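Okay, so here's the structure we're looking at.
The values are calculated or read from the model by the stated rules, or taken from the named source; none is laboratory data. Here the structure is a predicted model, which is why all the values come from computation and not from measurement. We place every Cβ from the backbone using ideal geometry, glycine too, and count neighbours over all the protein chains shown. Calculation scope for accessible area: heavy atoms of the full protein, side chains included, ligands and nucleic acids excluded. Shrake-Rupley method; radii C 1.70, N 1.55, O 1.52, S 1.80 Å.
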Amino acid sequence: MRVETLSNLIFASPFLTRLVFLASLAVLAPLHAAFHVKELLSYWRIAWHARSGGKHIVIIAVTYPMELPFVSGLLNRLKSDSDVQLFIAAGTRNVSPGTLSALAGVHALPFGILPFCRADALVSTRSTLGWNRTLKGLRIHVFHSHVSLHVVYNEGSFEGYDAFFAAGPHHVHELNHYLPKRGESRFRAFEIGSEKLDGVLQSRQDVRPASSDTVLFAPTWGPSSANASAEGIIEALVEAGYTVYYQPHPLSFNTDRDVVQRVRDKFGAHPRFQLVADNKYALIPFATLVTDWSGIAFEVGLGLGRAVIFFDCPQKVQNPNWRAYLREPGIESTYRTRLGHVASTPAELVSLLSTSHSSGPLVPQLLSEIWSYPGQAAERAHAKLRQLLNERRVGSPWLGEIGRHLARRRQSLIRLRADESEASTRHEPSPTERALSELAAKERLNEADLHQKVFPFQKRFELHSRLYDSYDAGWRALSAQASVWNLVAFAEG
């Protein structure tokens, strides 16, 4: 039996999948974490103190540092959120935690220790959780592209997540059809928007004026990329008098490095050619984008309103069984001719360049169909994350929550005392007196009935008030005790 056949047989069975996963986790995860004992102990120390102060612990996980801009707005809001202790991790060996920490401005973790971390939420741009499915807490996926989920990503992606921050309504639709057929039903999908496209919108003011003889050629990566025809496309364009900016996908510098190198060797010295190694295409004065199945078509067509021409090549399909989940072939296919034109050869591409126009008039209609809340993604993601954090707590039902409970109770009593004092100063009815009057009027109660109805609550308030009087003197002791309880909760988890 071939290795591929055996692998497919194993992962086709949920039981065998879990068995293989747990066996590999039991052997490899502790071995991997053993090399990061110092970082793991540092995380536990910081998290312990954060929990003692009633803070939520949130970890943002990205595959590559280049994905940080996709969650930068949310990251900055969480950094300034006094109720959150934030960490960040990247799933690549090419960037050390120290470098990542400097890039993000928060404490960075090696990716290998995440299965041993306790967090209230893991926010990830990764399509697969892998070992992080063992991480306790809420697991949230943030989509960084508009492309379809059931076609462009591998079968089995997005399993294990509790919530999804979708870029558009099509993502919610795809999730609701795809995941239940994978046996995943306990998830929630929210239309949040796209920080990536929001960044393109914000960069419009810095965009250089478009030049009609300048083209941005930005293919995707992998076997369905127009990189296979890159030399012919670029040669046809420069010979027709166009200036070409060639921007390979960041992953192409690994997966298609031979093609990129051949293009560099052949056109590197040409006065109308330039290789772009970063993703700052907004600074390029191009009038038309030439791409294949890349999600950059949505960014340029919707975000910048520039003309888009697709070079025809086989559709990017990572999941050959996509029809088992949805009949639609993906948004990158259904919106292809609405966003731009399709060229089958380099000569046809040159011909279309003279007649292509920007997608400006289509932008408002397309925005309403496939892009949720333009310009609001970071704000909405932060608000939704805080809502989810408040709905779900991790750890022991009472030991792990005692610190937060005391903090919330103390703050409510402080506010109530302040309101009562302010009302007394202004010789007005206190909030308690107003509430009693409203209750008596609403239920038509006389003084005796009112006293009988509210007496238990009044005794409870008096008890809380006396407790509050002891809070100021004993708060530090209570906080210390809560720290011990949280440490016990850590040990339990």
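For segment 191-313, a crude dipole built from +1 on the beta carbon of Lys and Arg and -1 on the beta carbon of Asp and Glu, taken about the Cα centre, is about 300 debye to the nearest 20.
Across segment 286-307, the residues whose backbone nitrogen lies under 15 Å from the label position 7 Å along the beta-carbon direction of residue 365 are 302.
Computed extension length for residue 337-residue 211: 43.0 nm, one decimal, from 0.36 nm per residue of separation with the Cα-Cα distance subtracted. Taking the inverse of the mean reciprocal distance over all distinct Cα pairs, the Kirkwood hydrodynamic radius of segment 120-220 comes to 15.4 Å.
How large is the Kirkwood hydrodynamic radius of segment 236-328, counting all unique pairs of alpha carbons, in Å?
On the way: mean 1/r = 0.0657 Å⁻¹.
15.2 Å is the Kirkwood radius here.
What are the trypsin sites (Lys or Arg not before Pro) within segment 232-337 that DSSP puts in a loop, where the Cβ has at most 10 other Cβ atoms within 10 Å? Let's see the in-between values first.
Details: sites: 257, 262, 264, 266, 272, 280, 306, 316, 323, 327, 336; in loops: 272, 280, 306, 316, 327.
Taking segment 232-337 and a limit of 10 other Cβ atoms within 10 Å, the loop trypsin sites (Lys or Arg not before Pro) found are 327.
The alpha carbon centroids of segment 212-261 and segment 265-335 are separated by 10 Å. Each Lys and Arg Cβ is given +1 and each Asp and Glu Cβ -1; about its Cα centre, segment 127-206 then shows a dipole of about 300 debye.
Measuring nothing but how far apart in sequence close Cα pairs (under 8 Å, 6+ apart) lie, relative to its length, segment 149-190 scores a relative contact order of 54 percent.
Accessible surface comparison of 291, 334, probe 1.4 Å, protein chains only, largest first: the order is 334, 291. Multiplying the residue separation of residue 239 and residue 426 by 0.36 nm and subtracting their alpha-carbon distance yields 59.1 nm.
Here's the picture: charge each Lys and Arg Cβ at +1 and each Asp and Glu Cβ at -1 in segment 186-249, and of 193, 223, 238 the one pushed furthest to the positive end of that dipole is 193. The simple spin-label model puts a point 7 Å past each Cα toward its Cβ; for residue 155 and residue 186 those points are separated by 2.6 nm.
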